[in-house]
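Novice: Before I ask anything, here is the structure I am working with.
The values are calculated or read from the model by the stated rules, or taken from the named source; none is laboratory data. Note that the structure is a prediction, hence the values are computed from the model and not measured. Cβ placement follows ideal geometry from the backbone for every residue including glycine, while neighbour counts extend to all protein chains displayed. SASA here: full protein model, heavy atoms, side chains in, ligands and nucleic acids out. Shrake-Rupley method; radii C 1.70, N 1.55, O 1.52, S 1.80 Å.
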Amino acid sequence: MSRAPLQLAPLDAAHDRAAFRSDSEPLNRYLREQVTQDIRRRVAACFVALADGEQIAGYYTLASASLLLADLPASTGKKLPRYPTVPAVRMGRLAVDRAFKGQGLGGALLADALQRAARSEIAAFALMVDAKDEAAAAFYRHHGFIALPDSPLTLFLPLASVQRS
Ligand SMILES: CC(C)(COP(=O)(O)OP(=O)(O)OC[C@H]1O[C@@H](n2cnc3c(N)ncnc32)[C@H](O)[C@@H]1OP(=O)(O)O)[C@@H](O)C(=O)NCCC(=O)NCCS
């Protein structure tokens, strides 16, 4: 039997945060215990993929950020204005429930985050991520993200390269 398509939506109180189980306990705990406070304080926005209206199959968070021009690869930095920082959007967290792993949901959530950042009226040069380990960094590199030369777990993707839909 094929599953109904997942819906993407901003997290809200009706969604079942307690049942979410990814491979990362810190990311499960964050969804259970901290995200609603971060949303209230406007330090993060959270978007979820919903399996049946309230079961959370995956989630990600977005917030404003900046990148130091000096930290970018020279080939990227030389095309940017000489300000000390460039604006960015940080995807602080991304996780997929074990029941949905390996089915393209992580990639779909990443694509949704890129679209959301690219269509914002507020300019940002790139979507950036702080990968929690080398495996996560490999996932982002697989999707075209570029690592900062001196911090390989911080990666970015210029939003000008994102095809808006
Ligand atoms: C990382 C994670 C989000 C991936 O989600 P997923 O739904 O299993 O991934 P997908 O099925 O969408 O994979 C999409 C593509 O990425 C590739 N991929 C997945 N994990 C990868 C990895 N660690 N390294 C390289 N490529 C990877 C897949 O092979 C697939 O490639 P394809 O599109 O060419 O077929 C998920 O495993 C997870 O929640 N992990 C625990 C939390 C975590 O590590 N979060 C990372 C942010 S710090």
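Novice: For region 26-37, name all the residues that are farther than 22 Å from D133 by Cβ and surrounded by 13 or more Cβ atoms within 10 Å (Cβ to Cβ). It would help to see each step written out before you state the result.
Specialist: Of region 26-37, the ones farther than 22 Å from D133 by Cβ are 36-37.
Within region 26-37, T36 is the sole residue that qualifies.
Novice: I need the strands (runs of 3 or more DSSP E) fully contained in region 115-165, keeping only those with at least 3 residues that are in contact (Cβ under 8 Å) with a residue 40 or more places away in the chain. If you could, list the steps in order and put the result at the bottom.
Specialist: Working: elements: 126-130, 146-148, 151-158.
Result: 126-130, 151-158.
Novice: If you don't mind, another one. Which pairs do you get when a residue that is farther than 17 Å from T36 by Cα, found in region 4-20, comes within reach of a residue that is at pLDDT below 95, reach meaning Cβ atoms under 8 angstrom, with the pair 6+ apart or on two chains?
Specialist: Listed by first residue and then by second, the contacts come to A4/A51; A4/D52; L6/A51; Q7/G53.
Novice: Go through region 118-150 and count every residue that is open to solvent by less than 60 Å² (accessible area, probe 1.4 Å) and either under 15 Å from L68 (Cα atoms) or hydrophobic (A, V, I, L, M, F, W, C) (or both). Can you show your working first?
Specialist: We begin by selecting, within region 118-150, every residue open to solvent by less than 60 Å² (accessible area, probe 1.4 Å); these are 118, 120, 124-129, 131, 133, 136-138, 140, 144-145, 147-148.
Okay, now just the ones that are also either under 15 Å from L68 (Cα atoms) or hydrophobic (A, V, I, L, M, F, W, C) (or both), so 118, 124-129, 131, 136-138, 145, 147-148.
Number of matching residues: 14.
Novice: Can you find even one residue in region 59-68 that is in contact with a His (Cβ under 7 Å, 6 or more places away or on another chain), at pLDDT 95 or above and not charged (D, E, K, R)? Walk me through it before giving the result.
Specialist: Within region 59-68, the subset in contact with a His (Cβ under 7 Å, 6 or more places away or on another chain) is none.
Scanning region 59-68 turns up no residue that is in contact with a His (Cβ under 7 Å, 6 or more places away or on another chain), at pLDDT 95 or above and not charged (D, E, K, R).
Novice: Looking for whichever is part of a helix (DSSP H, G or I) and more than 11 Å from the ligand (Cβ to nearest atom) here; the options are A88, A99, A65, A70. Which one fits?
Specialist: A70
Novice: Moving on to the next point. Among the residues of region 6-16, which ones are within 15 Å of the ligand (Cβ to nearest atom) and more than 17 Å from the chain's Cα centre (by Cα)? Give the derivation first.
Specialist: At the first step, the residues of region 6-16 found to be within 15 Å of the ligand (Cβ to nearest atom) are 6, 8.
Listed by number, the list holds a single entry, L6.
Novice: Residue under question is D23, and the condition is that it be in a loop (DSSP other than H, G, I, E, B), at pLDDT below 95, open to solvent by 60 Å² or more (accessible area, probe 1.4 Å) and over 20 Å from T154 (Cα atoms); does it hold? Before the answer, list the steps.
Specialist: Working: in a loop (DSSP other than H, G, I, E, B): yes; at pLDDT below 95: no; open to solvent by 60 Å² or more (accessible area, probe 1.4 Å): yes; over 20 Å from T154 (Cα atoms): yes.
No.
Novice: Looking at region 42-53, can you tell me whether even one residue there is in contact (Cβ under 8 Å) with a residue 24 or more places away in the chain, in a helix (DSSP H, G or I) and open to solvent by 20 Å² or more (accessible area, probe 1.4 Å)?
Specialist: Scanning region 42-53, I find no residue that is in contact (Cβ under 8 Å) with a residue 24 or more places away in the chain, in a helix (DSSP H, G or I) and open to solvent by 20 Å² or more (accessible area, probe 1.4 Å), so the answer is no.
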